[in-house]
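Any read-out appearing in this document is the output of simple, stated calculations on the displayed coordinates, not a laboratory observation. Here the structure is a predicted model, which is why all the values come from computation and not from measurement. We place every Cβ from the backbone using ideal geometry, glycine too, and count neighbours over all the protein chains shown.
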Amino acid sequence: MGAFNNNARNLTPDNNGKRESVSLEMIDFNPEWQFKDSKTGVFYKNGIIPQKLFITFLGGNIQPESAKRAIDILEKMFQSGVLTNCEYIRIADYNEVINAPFSTRILYANSLNRLNSTYNCRPSITYICGASLLLKTMLRLFASYVKQLFIFVPTVQDAFVKINTGPNLDRVERDRKIVLSQQEIDQFATLCGHILFNESFTFDEKLNGVSPDNPLHDLYTIISLLNNDLRELQKTEKEQKKQIEDALEDFRMLNSQLSVQKKNVEEKEQIQQILIKNLTQARKEAETANRAKSEFLANLSHEIITPLHAVIGMTDLLCSTSLNSEQKTYTDTIQMSTQQLHQLLNNILEFSKNVSGKLDSEQSIFDIRRLFDDISSLLLDEALKKRLLLTFAIPNSIPTPLLGYPAFLLKVLINLVENAIKFSEKGEIVVSIRHLSETSDDITLCISVKDSGIGIPEGKKELILQQFTQLDSSATRKAGGTGLGLAIAKQLIEFMGGTLNLCSVEHEGSEFWFILAFIKPQENSNLPKAFTAMQERVSPSEKELSGSQQSIENALPINNRILLVEDNSVNQRVAKAMLNKLGCTVDIAANGFEALDALQQNTYALVIMDLQMPLMGGLEATKEIRKQATGRINPNIPIIAMTANATKEDHNNCLKAGMNDFISKPVMMTTLQTLLQKWVQ
């Protein structure tokens, strides 16, 4: 309201008995030193003449929450240094105070005492404005506690008048003697006893008090005030006790619930342990069953392929002889049927391997254009037999070396193209690549196989990619097969990170497509070696299934001695006949021991070694041959594995044992011829 009066002198009289007058207009009411709560009606407003005077206006029902807020303001005001190392005059206007509970008064009084002590200041006199009789009595109780001299005046203006003229204390009235009777003392003592010991007693000033002119009137007023405060404290204590009892009851209930929950958790943990134990046992049983299945399929493959090898080999030999047209028809039928049987067996074994999660996870570098050439050489004749045009479209922007899964990609495309050939009677089959995106490290391609075949009805598109499912399952269907080709392609594409999609219109044709990302190898990558590794992973039967057979007459005139290590007599006759047909002299050993003896006695250009044989198998025999210490056997002689087990694991085991190459039964003449050209000098 007014500015700081930094030049104000002491408000006590000077040597001439004069004092400087002060007024409300001289006081600074800083906005930070006040608040008003519109909801409760409580307000608190402070003003200061620095180091001289401190005035407070307050009103409403001042509960502890409001008092704490007022104390925060009081703290800020003292921290500003306006009352430091001084005595000051205090003015408090209570004209609009409705109520101030005992706890509120104690809280505020403690804070004011603390601040006075901290900042080395104290009020020399305090003017209380507009206090009721009850409030005056209460403040008299606090006078000694707050170490202040209280003077009660009606208004703030009366306080300024007394400050400017000097306090006029009626010492005669203060020193007046009071005469009390014993009866009045006993009556007062009885009243105090009721207040202290009778909780149901309520002090009523009209019933229990005395008239204002009685000398004990102020004491009775003090008793009334103390009684109200005591009842307030008792009420608060009961409420707190009730809250504690309720909290204890809630705690007991919560503890009981926790005990039940703990018991439930323990039971669930026991059930979980049982489930884990059962799942562990079930997993072991599943793994055992899976191993048994794999072993069964491997043994089944070996046992079926062994006689199939004889049938295919002998048929191959028979086809190379002079036959009349009728015989040629019979042998061609036998040859086609055995090749289809072999392909079916391979598909079943491969599907089982895919389902069991035994796919090879090793990537290699390959030439995608060369891969398309391989597909063309494998399937072009089959397409031409049905007068279908098989074309391949690959943009020049596609880089030549890519890192991925070439064997899987080759298998996928062979299955998709074969499927297109099978269900197309006319038109064209297009295998194409579309460039989607590319970075310095990788490239994303969309690969599709599109045909002009019978198409797929809308309602059967979801079924066509399921295993063992064909579009036409009736007894009069035109195309045979197990329905595994697309299922295997779908599995392999998903393993490589893509999804097999289908677009088809019935009677117009179908398009199968998928998107794959490939890594672009660095310049120092060894492309030829990696691509050779890819070629070795391709099953020979895929290369031979639809390819035109080379004429046996074109075989090189090889006159070299070959050691055939094979325990099955039928396979011995088949392999020997094929090798003889190719111009080789063949010695036969029935197991590894016989092979070691033969190699010590004779010189051979090549060893063709079966893996599963009695007494000593092919892997053990190869390890013995590769030992340099014997000096009786050429340790560097080329050794070719020939077995019905055509997995990558078998291939790796052969290479680790020291073998040079690997061919799978059944073996065709063209495969054997290529092998001899490669290893026999």
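Some points to look at:
- Rel. contact order, % - alpha carbon contacts under 8 angstrom, at least six apart, region 553-679: 22
- Inter-probe distance in nm under a simple model that places probes 7 Å from Cα toward Cβ, at Gln79 and Arg140: 3.9
- Ordering of 323-333, 588-598, 37-47 by packing [mean C-beta count within 10 Å, highest first]: 588-598, 37-47, 323-333
- In region 574-681 the Cα-Cα distances spread across 5 Å bins starting at 0 as 2, 12, 24, 26, 22, 11, 3, 0 percent of all pairs.
- Efficiency of FRET from Cβ geometry, Ser21 and Gln240, R₀ 51 Å, rounded to 0.05: 0.50
- Computed over region 22-83: relative contact order in percent, which uses C-alpha pairs under 8 Å that are six or more apart: 30
- In this rough spin-label picture, where each label sits 7 Å from Cα along the Cβ direction, the Val161-Glu287 distance is 10.4 nm.
- Which of Glu624, Glu75 has the fewest Cβ neighbours within 10 Å, and the rest in rising order: Glu75, Glu624
- Set Lys328/Lys576; Lys68/Lys235; Lys385/Lys422; Lys386/Lys450; Lys45/Lys68 screened for pairs whose C-alpha atoms are more than 18 Å apart: Lys328/Lys576; Lys68/Lys235
- Legend: calculated FRET efficiency, Glu249 to Leu149, from the Cβ-Cβ distance at R0 = 51 Å, rounded to 0.05, equals 0.50.
- Where labels lie 7 Å past Cα in the beta-carbon direction, separation of Gln187 and Ser377 in nm: 13.3
- What the Cβ-Cβ distance of Leu279 and Thr329 gives, at R0 = 51 Å and to the nearest 0.05, is a FRET efficiency of 0.30.
- A straight chain from Gln257 to Met616 at 0.36 nm per residue would run longer than the Cα-Cα distance by 122.1 nm.
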